[in-house]
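First comes the structure, then the notes that go with it.
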Amino acid sequence: MAGRDDPKADIIQLFQGWLQNSRNGRWLLVLDNADEASYLLQPREEMLDKMNESGAYAGEKRLYEHIPIFEPMVEELALRLIEKKLGPQADDTTTKQLVAALEYMPLAISQAAAYINQRGARSSVQQYLEEFERSERSRMRLLTVNSREHRRDREATNSITMTWQISFEHIRQYRESAADLLSLMSFYDNEGIPETLLHVHQQLSTGTKCETEQTRQDDVDGAHSGSESLTDESFEEDIITLRDYSFVFDTLNGKVFKMHRLVQLATRGWLKSHKQDVYCMLNLATIYSNQGRWEEAEELQVSVLESHKRVVGEEHPHTLTSMAHLASTYSHQGRWEETEELQVSVLESNKRVVGEEHPNTLSSMANLASTYKQEGQLKMAEGLKVSVLEARKRVLGEEHPSTLNSMANLAATYSDQGRWKEAEELKLSVLEARRRLLGEEHPDTLNSMANLALTYKSQRRVVMASALLRRAINAALQSYGPNYHEISGWQAALDNI
């Protein structure tokens, strides 16, 4: 296009003039990576396919059928492309290794070729491949380099990471949950990401308001406030969005997904640059914990904790939350000394930062009490649990769910000491309150029934114990069916009376 190389030229005006010049004949305009519907011209409505609000095509079926689908480039075409950019290569094996490492992506291959050409004799296919394979940091650096090609517009980026991140930010703007899902997927093995690992609640606490799983297990009466999974409909919409952008692909009947390794790298690079990678690591650690993969969860949680200490300080709520999560992971591995050490630190910090009766402090106290119980330090556990219960009564009220949980936890400690009457009194109060607040057939109410029944059994009051266990079992069968997870344990207890 005449005048294009003039640094003072108005490219838009030159291009418009070229389009309007009838001597140039008929033309077809292709918009590369046009994520925004606003980029498109507005011809007659029937001539242009519709786009949905996120910018992805959503036209009628008859129009969609005429949209060509381009499959990933095969090795032969990838080699032809790089040789067109660099000329014939003497070492065909190294060239094959490079295009494979770049996953046969045209833009990645073009960027690599531009990088090599720009450096002349100081670079080669072999050197680029060695640098690319050296580390994730070196790969990220190479893919971010914006090497120019003379035929491309001066303002157009040749960086594959910048190109992908433009699309990623567009997805975040229109469907943030899809961007969050992609962020999580970027930390998995790119060749096999089971759908079952993705249906997790991606909520990160900013404090330590809730006791860890370790504390809730101290008493089976703990409230059923488990996190909700992503709904199927929302999950499907997220996957469709990512698939429309070619960020993810289906395999094995749609139950396992895969991603380009370079897409994962670019996504992690964006997350790191925006300081969001820590939260994705926490999500992944939660998944590992749910699967009982404690060593892998621990590795991520240690990294997150060190990051929080470095960025926001030793006593920031995020740091204390990370310490509480790591302590819970230690407890599941039976590492009680390390658990206690962390929990004491969290408790003392919360007392200084937010006060003696703040919910975070009380949760920290409850966590430490649970650890003391596991270590056999029942009197110390009891003292902390009494303090938590009294504080929650004052702050939250007699029948708040957290107060009832504290009451049930203290009752469990009394049971461990054989103080059956005191345990019975507390468990009966919890049961009556939950019946009023939640109803007879709520899972927490049923657990309270079973716990009280076991206390009756320990006192050899077998008639009352049997009646209460049967009541809990029958209510669970009626409301939740025979596969309800607690029924088998309750039935075994009933059979042993």
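If you check 255, 272, which single one turns out to be touching a helix residue (DSSP H, G or I) at 6+ places or on another chain (Cβ under 8 Å) and surrounded by fewer than 20 Cβ atoms within 10 Å (Cβ to Cβ)? On inspection, the qualifying residue turns out to be 255.
Among the residues in the range 473-486, are any of a type outside the set (S, T, N, Q), surrounded by 15 or more Cβ atoms within 10 Å (Cβ to Cβ) and out of contact with any Leu (no Cβ under 8 Å at 6 or more places or on another chain)?
Yes.
Here is a yes/no grid of residues against (1) of a type in the set (Lys, Arg); (2) exposed (fewer than 15 other Cβ atoms within 10 Å of the Cβ); (3) not in a helix (DSSP H, G or I):
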residue	(1), (2), (3)
353	no, yes, no
360	no, no, no
370	no, no, no
395	no, yes, no
399	no, no, yes
405	no, no, no
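Just one residue in the set 363, 349 is of a type in the set (Ser, Thr, Tyr) and under 29 Å from residue 450 (Cβ atoms); that residue is 363. Residue under question is residue 436, and the condition is that it be over 30 Å from residue 380 (Cβ atoms) and at pLDDT 95 or above; does it hold? Yes; evaluated as a whole, the condition is true for this residue. Annotation for the range 462-484: no member residue is assigned to a helix (DSSP H, G or I) and within 30 Å of residue 387 (Cβ to Cβ).
Identification of helices (runs of 4 or more DSSP H) wholly contained in the range 152-245 with 3 or more residues that are among the β-branched types (Val, Ile, Thr) and at pLDDT below 85 yields 160-174.
Here is a yes/no grid of residues against (1) farther than 19 Å from residue 164 by Cα; (2) surrounded by 14 or more Cβ atoms within 10 Å (Cβ to Cβ); (3) at pLDDT below 70; (4) not charged (D, E, K, R):
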residue: 43; (1), (2), (3), (4): yes, no, yes, yes
residue: 80; (1), (2), (3), (4): yes, no, no, no
residue: 88; (1), (2), (3), (4): yes, no, no, yes
residue: 95; (1), (2), (3), (4): yes, yes, no, yes
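Could you tell me whether any residue of the range 18-29 is surrounded by 13 or more Cβ atoms within 10 Å (Cβ to Cβ) and at pLDDT 75 or above? Yes, the conditions are met somewhere in the range 18-29.
Restricting attention to the range 375-393 and to residues that are touching an Asp or Glu at 6+ places or on another chain (Cβ under 8 Å) and either touching a residue at least 60 places away in the same chain (Cβ under 8 Å) or not in a loop (DSSP other than H, G, I, E, B) (or both), the residue that is surrounded by the most Cβ atoms within 10 Å (Cβ to Cβ) turns out to be 391.
Taking the criterion of being closer than 22 Å to residue 73 by Cβ and in a loop (DSSP other than H, G, I, E, B), the residues of the range 101-123 that qualify are 102, 103, 104, 105.
Checked against (1) surrounded by fewer than 24 Cβ atoms within 10 Å (Cβ to Cβ); (2) at pLDDT below 95, residue 332 meets all criteria but (2).
Working carefully through the options 315, 306, 299, find the one that is buried (at least 16 other Cβ atoms within 10 Å of the Cβ), under 22 Å from residue 339 (Cβ atoms), modelled with pLDDT of 90 or more and in the same structural domain as residue 244 (by TED's automatic domain parsing).
On the way: 306 fails: buried (at least 16 other Cβ atoms within 10 Å of the Cβ); 299 fails: buried (at least 16 other Cβ atoms within 10 Å of the Cβ).
Just one listed residue meets the conditions, 315.
Every residue, every condition in (1) closer than 21 Å to residue 391 by Cα; (2) basic (Lys, Arg), yes or no:
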| site | (1), (2) |
| --- | --- |
| 290 | no, no |
| 332 | no, no |
| 335 | no, yes |
| 350 | yes, no |
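Looking across 261, 310, 293, 335, one residue alone is basic (Lys, Arg), in contact (Cβ under 8 Å) with a residue 12 or more places away in the chain and out of contact with any helix residue (DSSP H, G or I) (no Cβ under 7 Å at 6 or more places or on another chain). It is 261. Of all the residues in the range 162-192, those that are more than 13 Å from residue 262 (Cα to Cα), under 13 Å from the mean Cα position of the chain (by Cα) and surrounded by fewer than 19 Cβ atoms within 10 Å (Cβ to Cβ) number 2.
The values are calculated or read from the model by the stated rules, or taken from the named source; none is laboratory data. Since the model is a prediction, treat every value here as computed from it, not as a measurement. Quick reminder, even Gly has a Cβ in these numbers, built from the backbone with ideal geometry, and neighbours come from all protein chains shown.
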